[in-house]
Each structure stands twice: as structure tokens, then as C-alpha cells.
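*Asks:* Mind having a look at this structure? Questions to follow.
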Amino acid sequence: MQPFPTRLLRWYDGCRRDLPWRRTRDPWAIWVSEVMLQQTRVEAVRAPYERFLARFPTPAAFAAASDDELLAAWRGLGYYRRARLLRDGARQVVTAHGGAVPGQRDELAELPGIGAYTLGAVASIAFGLPEVAIDGNVERVVARHRGLRESVETAAARRLLRTILEQWLPKKRPGDFNQALMELGATVCKPGTPDCANCPVASDCVARAEGLTTTLPVRKPPRAAVDVQARVVLVVDRGRALGHRLAAGEANAGQVELPGAGMLTSCEAADLANVLRERFGASAAVGPVLATVRHAITHHRITLQAHAATLRRPGSLQWFALDAATPWTTPSRKVFQGALDTDAPRQA
Ligand code: SF4
């Protein structure tokens, strides 16, 4: 039997998906793609990736981006903290490395936003350095193939995974090896039921031999879902809507949200006027529901109702343009779609 890396790379050479970030060795483009791909599906990344690199083709271009430009460029991807860290990293590339992403492992590791996974991916794919990159797909493949019965979330299991991968990592094609493992996890050794019949490394897979493919990898059970009934008011005037900007330290900081008790806080319709007064010093007569939309944030399942309202005093609330340039939150845009039949209306 050929070694694991040989079988895996042969399969990868024949089956790899043609993805935009696989057509480049530009370390900035690869860094951007790896950050976007964390917690986001490949298909959801394609369009934002192309758009982002057209707007910010170099670290220097992104380093100079304003908060609103950053939020607009990251729209559709969520988890905006990743974008802020990427900008911090780009700024350090400009100040400490003359604008070129450094090709040394230790210099890469010092950049803000580069954790163990991103370091391994950028170092191996862009620079051919012998670094492993361990994401959820890789964990799953190795845990199944080696029959790892303890939780992959323990420190001991993580060390063992890393040791196994470092032994497998080929000197000549470390970047392709890392990508091949991720590809196998994404397309064959998938969560749930893997497609073992089409797996290039099935012949010595412990999970397959011992009937453990659906029980490995072992992970903590996910948190139970929490239902939230959130409410906001939708007050529109001359192509603008009343909103408030989320402060630093809050989730989605810098984005603009329709006013209410917050997305993670349930609120009765009768309490909404009091919430607006206490939170924003605003006074409004709250009317009927204009739109009901659904949204999920981590384990929260949110039903969001947007009420009509007549404004008497705005308090700290402000008017924001109903256009694509204003960084409205995704739930707010869903409300615009439901109530106004557009998610990025132009000013009247
Ligand atoms: S044989 Fe099945 S469980 Fe084992 S690595 Fe391949 S797809 Fe995964």
C-alpha cells in the first residue's frame, strides 16, 4: 500500500475543485481566502472574495480602509471581527514589512489575526513552508482515519492530531497536502455519513474498518437552540431610516441596527416604547407589525418583528441612508426586504 500522502495527493490532483484562491500563489490573496473560509461555506465566499480583492488588491489598500468600507467589503460573510483583525494584520504588514506579506514563519505568526490555522495555511500554500493547517475538516479526516476515540477538543487529542499530520506532511508539497486533506473532508469524508466508497485512503481507515464512521470525531454536543422574539421599529423618512450604530465591544460593532431591545433580547410589543425611551431617550408611538423575519446568530433562533412607529423625539437615534453604502446589519436588511421590498433601497 502506498503511503497516506501519496494516495491523498494523487486523488487531489485528479479531483480538486477549481476555486479562485487555488489559482494564485499571492500570499495576500491566500490570506484573505483563508480568513473568509473560516466559519463560512466555499460557495458563500466565491463572490465576496473576488469583490474584496478587486477593491483591496494589496495589504496597503486594505490597511487604509475606513470602518464603513471594511463593513461593506465584508458584507454577506458575517463574523466581522475577522475583517477587523485582517485589517490590523494588513496595517502591520505595511508598517513592519514594507507592504509585503512576510515569508518567514515567525514573522507571519506575529501578525494580528494570524492564528495557528491561518499561519499553517498561508505558510504552506503561499510559501511552501512545512507547516500543517488543522481546521474542522482536517480534524474529522484524521480522527476517523486513525480511529481517535477521545474528544478532538482535548489538548491531548490536538497534540496527537498535530503529531500525526507532521509525520504525514510531505516536504515537497505541504500546501497541496493541507488543501487535499481539507478537500477530502469537505467533499468525501463529510460530517454525518462519509462517502467511504470513493475515498482514496479507505483501505487502512480505522473508522471504516470498525464501523465508527458516524460516531467519530467525538465532540461536545452543540448548545441547545434558544428562541428569541426580538422587536424593532421601522421609521422611514425621505430615503432614510432611524437607527443606531453598534458601539465598540458589541457584536457587529460599527454596523447600524434598527432600534429595539437588541437582537438577542426577547421583547413584548407593549414594552417596545419603554425600551426605546430607556435605551435611546427616544419617544415613539408604536404601531402594528410591518414585517416578520427570521435570523440565526450562533445558537439563537431569532424571530424579528418590525413595527411601524410615529416618532415624537429621536433621543440618541439617528437617520441613516437606506442605501448599500450604509452598513446596516443583516437582520435590518431582511426587514427592509420584507417591509419595503428591497434590501438596499436607493435614496428617493
Ligand atoms: S474511509 Fe470513510 S471515514 Fe475513512 S477517511 Fe475515508 S471517507 Fe473518511
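The values are calculated or read from the model by the stated rules, or taken from the named source; none is laboratory data. Here the structure is a predicted model, which means the values were calculated and not measured. Virtual Cβ from ideal backbone geometry, glycine too; neighbours counted across all protein chains shown.
*Asks:* What single numbered condition from (1) surrounded by 15 or more Cβ atoms within 10 Å (Cβ to Cβ); (2) more than 9 Å from the ligand (Cβ to nearest atom) fails to hold for Lys171?
*Replies:* All conditions are met except number (1).
*Asks:* Can you find even one residue in the range 170-188 that is within 30 Å of Asn274 (Cβ to Cβ) and of a type in the set (Asp, Glu)?
*Replies:* Taking every residue of the range 170-188 in turn, none turns out to be within 30 Å of Asn274 (Cβ to Cβ) and of a type in the set (Asp, Glu).
*Asks:* Same structure again: With the requirement that a residue be polar (S, T, N, Q), at negative phi and surrounded by 12 or more Cβ atoms within 10 Å (Cβ to Cβ), what does the range 203-261 give you?
*Replies:* Of everything in the range 203-261, those that are polar (S, T, N, Q), at negative phi and surrounded by 12 or more Cβ atoms within 10 Å (Cβ to Cβ) turn out to be Thr213, Gln229, Gln255.
*Asks:* Scan Tyr80, Tyr49 and give me the residue that is of a type outside the set (A, V, I, L, M), touching a Phe, Trp or Tyr at 6+ places or on another chain (Cβ under 6 Å) and crowded, with 18+ Cβ neighbours inside 10 Å.
*Replies:* The unique qualifying residue is Tyr80.
*Asks:* When the residues of the range 271-307 are filtered to those that are in contact (Cβ under 8 Å) with a residue 60 or more places away in the chain and surrounded by 17 or more Cβ atoms within 10 Å (Cβ to Cβ), which remaining residue is farthest from the chain's Cα centre (by Cα)?
*Replies:* For the range 271-307, the residue satisfying everything is His307.
*Asks:* Scan the range 176-186 and give yes if some residue there is more than 17 Å from Gly120 (Cα to Cα) and more than 9 Å from the ligand (Cβ to nearest atom), otherwise no.
*Replies:* Yes, some residue in the range 176-186 is more than 17 Å from Gly120 (Cα to Cα) and more than 9 Å from the ligand (Cβ to nearest atom).
*Asks:* Return the residues of the range 17-48 that are farther than 20 Å from Leu85 by Cα and in contact (Cβ under 8 Å) with a residue 40 or more places away in the chain; say none if nothing qualifies.
*Replies:* Within the range 17-48, Arg17, Arg22, Arg25, Val42 qualify.
*Asks:* Cβ-Cβ distance below 8 Å, separation of 6 or more or different chains: which pairs start in the range 224-245 with a residue that is in the same structural domain as Pro259 (by TED's automatic domain parsing) and closer than 20 Å to Ala269 by Cα and end on one that is assigned to a strand (DSSP E or B) and acidic (Asp, Glu)?
*Replies:* Val232/Glu257; Gly243/Glu257; His244/Glu257
*Asks:* On the given criteria, is Val201 in the same structural domain as Leu85 (by TED's automatic domain parsing), among the β-branched types (Val, Ile, Thr) and closer than 30 Å to Val142 by Cβ?
*Replies:* yes
*Asks:* Further, regarding this structure: Restricting attention to helices (runs of 4 or more DSSP H) lying wholly within the range 26-95, give those where 1 or more residues are at pLDDT below 90.
*Replies:* Where helices (runs of 4 or more DSSP H) fall fully within the range 26-95 and carry at least 1 residues being at pLDDT below 90, they are 67-73.
*Asks:* If you go through the range 186-202, how many residues are under 30 Å from His299 (Cα atoms) and surrounded by fewer than 11 Cβ atoms within 10 Å (Cβ to Cβ)?
*Replies:* The qualifying residues number 2.
*Asks:* Give the range 123-154 a look and list any residue that's acidic (Asp, Glu), at pLDDT 95 or above and away from the ligand (no atom under 16 Å from the Cβ), or say none.
*Replies:* Scanning the range 123-154 gives a single hit, Glu131.
*Asks:* Could you tell me how many of the residues in the range 194-213 are hydroxyl-bearing (Ser, Thr, Tyr) and either within 8 Å of the ligand (Cβ to nearest atom) or at pLDDT below 95 (or both)?
*Replies:* Within the range 194-213, residues that are hydroxyl-bearing (Ser, Thr, Tyr) and either within 8 Å of the ligand (Cβ to nearest atom) or at pLDDT below 95 (or both) number 1.
*Asks:* Related question: Pairs only if they're at least six apart or on different chains, beta carbon under 9 angstrom, first in the range 177-192 and in the same structural domain as Arg22 (by TED's automatic domain parsing) and free of Cβ contacts under 8 Å to residues at least 24 places away in the same chain, second more than 8 Å from the ligand (Cβ to nearest atom) and among the hydrophobic types (A, V, I, L, M, F, W, C); list them, first residue then second.
*Replies:* Val188/Trp11; Val188/Cys15
*Asks:* Among the residues of the range 114-128, is there at least one that is in the same structural domain as Pro48 (by TED's automatic domain parsing), in a loop (DSSP other than H, G, I, E, B) and more than 25 Å from Phe177 (Cβ to Cβ)?
*Replies:* Among the residues of the range 114-128, not one is in the same structural domain as Pro48 (by TED's automatic domain parsing), in a loop (DSSP other than H, G, I, E, B) and more than 25 Å from Phe177 (Cβ to Cβ), which makes the answer no.
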